[in-house]
Amino acid sequence: MNQHDKKKVLGRGLDSLLPAARGTAVAVQPGESIRDIQVGLVDRNPYQTRKRFDEDAMKELAASIKVSGVVQPVLVRAVAAGRFQLVAGERRWLASQMAGKRTVPAVVRQLSNEQSMEIAIVENLQREDLNAMEQAHAYERLSREFGMTQEQMAQRTGKDRSSVSNFLRLLKLPEDIQALVENGKLSFGHAKALMSLDSPNASVKLAKRSVAMNMSVRQLEGAVHGLMHPEEKTKKPERKVDPNVREAERAISQSLGLKVRIEDRNGRGRMIIEYASLEDYDRLVVALEHLR
């Protein structure tokens, strides 16, 4: 099937094939019914985008299924040798096994490989429970396998086109950074900040420093800005000081042997005396005591 035919088939009625209302419920279509299928006869969807499941959430779902059963059926399609392949509802299928259930309620639907792939990817993106890298790979696969534009992907998943673009940009980051995002050590916001750097080595070093120092996104954005504009670090605004204040600073500094700064505003302000060692500090204390 060529790309044009894929788009034509998938674009025709895909919404009716997806779980209803962008949620977990599967709408039963005319001619379909919900039937109990042995969990051992169901295979994982090879097009599944999600790689990780929250362990605590899965235990909670399994406990609920053990007591109340599976409230919403999974969506499957028939494959060879009397087996079935998951299209949507992998969490419920896995949790049913954890709960010791022998069967799982399912809607069996006739779907092509292409339809199964797109439904699995889009359904997960709509649920918003994928990590940032999983979402990035999902969008990339929709683009590669079905030739979808960013605008089309945004429409199918209910996202802004700019969000789709930013997720795809994650795939241009060095693999070390992608791994940190996938493992949850860096957020999507952190990764987005690192996209501004042109140097892969600099971005990786800064990413690792961000993790080690537990930087917030704002702190990392500041560090990125510092790398991109190093001249701003050394450039200091010229300090305008009244000549009389400047002379007072010089006289006191000479007397104490320490750097002195006076900040004066119409006769009110503060005096800052800097010391570089404990010896300087002790000398300053002694000098101040002599003023009593």
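Values quoted throughout were computed directly from the atomic coordinates according to the rules given, and no laboratory measurement underlies them. This structure is a prediction, so every number in the text was calculated from the model and none was measured. No Cβ is skipped: glycine too gets one built from the backbone with ideal geometry, and neighbour counts run over all protein chains shown.
Here are some notes:
- Label separation (residue 242 vs residue 163): 5.7 nm, computed from points 7 Å beyond Cα along the C-beta direction.
- Counting only Cβ charges, +1 for Lys and Arg and -1 for Asp and Glu, the dipole size of the range 174-232 around its Cα centre is about 240 debye.
- Per-residue packing, averaged as other Cβ atoms within 10 Å, sorts the ranges 143-151, 270-278 into the order 143-151, 270-278, beginning with the highest.
- Residues 54, 264, sorted so that the one with the fewest Cβ neighbours within 10 Å comes first: 54, 264
- Matching the structure-derived mean projected area of the Cα convex hull in nm² against the labelled list [x] 23.6; [y] 26.4; [z] 17.0 gives the label [y].
- Cα lying deepest toward the dipole's positive end in the chain, options 226, 110, 125, charges on Cβ: 110
- Based on DSSP H segments of at least four residues, each scored -39500 (n - 2.57), the chain has a per-residue ellipticity at 222 nm of -15500 deg cm²/dmol.
- Sorted by Cβ neighbour density within 10 Å, fewest at the top, the residues 133, 228: 228, 133
- Footprinting exposure proxy for 186, 227 (fewest neighbouring C-beta atoms within 10 Å first): 227, 186
- Dipole magnitude of the chain about its Cα centre (Cβ charges: Lys, Arg +1; Asp, Glu -1), debye to nearest 20: 480 debye
- Highest-first packing order for the peptide set 101-109, 117-125 is 117-125, 101-109, based on the mean count of other beta carbon atoms within 10 Å.
- Global size of the range 102-149: 12.8, 42 Å for Rg and Dmax (C-alpha atoms, Rg to one decimal, Dmax whole).
- A simple spin-label model places the labels of residue 277 and residue 263 2.8 nm from each other, with each point 7 Å out along Cα-to-Cβ.
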